[in-house]
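For reference, the structure discussed in these notes is given below.
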Amino acid sequence: MSGSDQGKGSDVLDAQDRARFEQLVLPHLDAAFNLARWLLKSRADSEDVAQEAMLRAYRFFRGFHGGDARAWLLQIVRNTCYTWLEKNRPVELMTEFDEELHPQPSVSPETLAIAGANRERLTRALETLPPRFREVLVLRELEGCSYKEIASITAIPIGTVMSALARARQRLQRALTHATPQEASREL
Amino acid sequence: MSCDFTRTVLHGYLDGELDATRAAEFERHLESCRECATSLGSEESLRSSLQRSGLYENAPLDLRKKIRAELDVATVPPAAIRIPAWRWLAVAATIMVVASVSWFAWPHRGIDSASTTPFTVAEIIDAHVRSLQPGHLTDVASTDQHTVKPWFNGKLAFVPPVKDFADEGFPLVGGRLDVLGGQNVAALVYSRRKHIINVFVMPTKEPDTPIHPPGLRQGYQWRHWRRQGMEYCAISDVSDSDLYELAQLIYQ
């Protein structure tokens with residue numbers, strides 16, 4: 001594991017810590033759950049993992065010295081998710097991240113609008129992406145994270161966030177349009 | 001089709017992450033590059049689909065409740081009474097009573113009194129050794145019992161008796177919170193000629209016992225007893241006679 005959540009865990013947290021945690025970290029439970037849900041693709045597993053991550057965050061809370069509490073929590077959530085995936089679904093993590101970005105004809109905005117209007121199809125397309133593509137998209141488009149936040153949560157250098165998003169979006173476009181070849185070809 | 005901007009800079013532009021100069025540069029490029037203009041349209045369409053489809057999933061309400069309950073358990077003082085731990089303590093106490101009866105029936109036979117404590121010898125030794133690491137000895141460093149005792153208020157569900165025995169050669173060094181057998185305990189720290197003595201204190205519902213014979217392992221000695229609703233365990237590398245002396249002082 002990398003990053004700042006490695007601070008020394010402390011068993012003894014008092015009422016003051018509890019109140020600060022309630023105020024700073026607990027409000028981001030929805031963000032924690034949403035990220036876990038998209039990484040694990042299951043609500044039930046996400047409940048367990050979000051809970052575990054939240055308790056881990058609490059144990060490490062003395063190591064949190066202010067700053068962006070949401071990014072700090074999401075980093076822990078992400079790490080907890082990957083640990084869970086390694087243990088329970090190792091195959092999903094075996095996809096390569098640094099796949100070449102192949103130039104391909106852009107899909108027309110109209111085609112994408114039609115494909116993207118279907119929530120089911122959008123969900124499926126997102127879920128077919130490797131976790132490392134999925135997470136940058138979820139953080140950017142659903143959570144509204146800045147590049148800087150994405151870099152700190154996912155432990156990728158800030159200079160590569162932009163290209164990671166570019167690749168992820170290309171993959172998503174492909175997944176969306178490949179899911180419906182007849183419509184895609186008609187529109188193209 | 002082979003426009004480099006499409007691959008990366010376009011995304012920085014879309015996300016509002018380009019600085020003003022680069023953004024202006026890209027906008028000029030956009031006027032003359034059809035590929036980038038189309039791509040930008042596609043990306044914007046994709047973005048609005050992602051953001052408008054209600055893909056964001058909020059945490060279930062009872063998850064927040066569950067987490068709050070767990071946080072309370074991990075907080076001192078515990079909001080919930082830890083029944084399982086006490087039940088276990090009761091079992092240990094029963095063994096203790098049997099063991100002390102045996103002890104009185106056959107004095108000086110059962111030397112190791114560890115099996116009767118609600119925590120293991122290893123835990124006591126670990127806690128003692130851990131406390132000797134730099135910066136770990138005390139949470140409140142004071143030789144004043146009137147400073148140390150109130151410090152525990154609100155941090156534990158009980159108030160440990162705190163006395164300084166400087167005049168008897170066991171000056172109080174301070175106090176600390178520790179965990180033994182899964183319970184939060186008070187640790188009182190005394191010194192004896194540069195040696196450190198930890199006295200762990202936790203509440204008990206069991207009757208008083210005399211100071212039990214010493215236990216010895218890895219060069220550390222401990223003495224265990226119960227008195228007025230408190231369970232005590234003193235541990236150190238000092239000689240047993242010193243340890244016994246302090247135990248007697250606290251016992252009085």
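What follows draws every value from the coordinates through simple rules; no lab data is involved. Computed from a predicted model, the values in this text were never measured in an experiment. Using ideal geometry, Cβ is built from the backbone for each residue, glycine included, and neighbour counts are taken over all protein chains shown.
Put in order of Cβ neighbour count within 10 Å, fewest first, the listed residues A:M94, B:M230, B:M96 become A:M94, B:M230, B:M96.
Calculate, for B:S239 and A:E127, the FRET efficiency according to 1/(1 + (r/R0)^6) with r their C-beta to C-beta distance and R0 56 Å; round to the nearest 0.05. Efficiency, from the Cβ-Cβ distance: 0.25. Backbone N atoms of the stretch B:227-252 closer than 20 Å to the 7 Å Cα→Cβ label point of B:L132 belong to residues B:233-247. The alpha-carbon atoms of the stretch B:151-215 define a convex hull whose volume equals 125 cubic angstrom per residue.
Within a straight-line Cα-Cα reach of under 16 Å, B:K149 can be paired with the following lysines, leaving aside sequence neighbours fewer than 8 residues apart in one chain: B:K163. Here's the list of aspartates and glutamates a cross-link from B:K66 could span, going by alpha-carbon distance under 13 Å and ignoring same-chain residues fewer than 8 apart: A:E47, A:D48, A:E52. Between the C-alpha center of the stretch B:1-32 and that of the stretch B:49-73 there is a gap of 36 Å. For the options B:D72, B:D19, B:D167, a Gaussian network treatment of chain B with springs between C-alpha atoms closer than 10 Å singles out B:D19 as fluctuating the most.
Estimated from the Cβ-Cβ distance and a Förster radius of 35 angstrom, the FRET efficiency linking B:Y251 and A:R62 is about 0.45. Would you mind getting me the FRET efficiency between A:Q16 and B:T143? Use the beta-carbon distance for r and R0 = 25 Å, nearest 0.05. For R0 = 25 Å, the calculated efficiency reads 0.45. Listed by chain and number, the lysines placed with their C-alpha closer than 19 angstrom to that of A:K87 are A:K41; residues fewer than eight positions away on the same chain are left out.
Counting only other chain Cβ atoms within 10 Å of each residue's Cβ, the peptide B:178-186 averages 1.
Residue by residue along A:43-49, Cβ atoms of other protein chains within 10 Å of the local Cβ number 2 on average.
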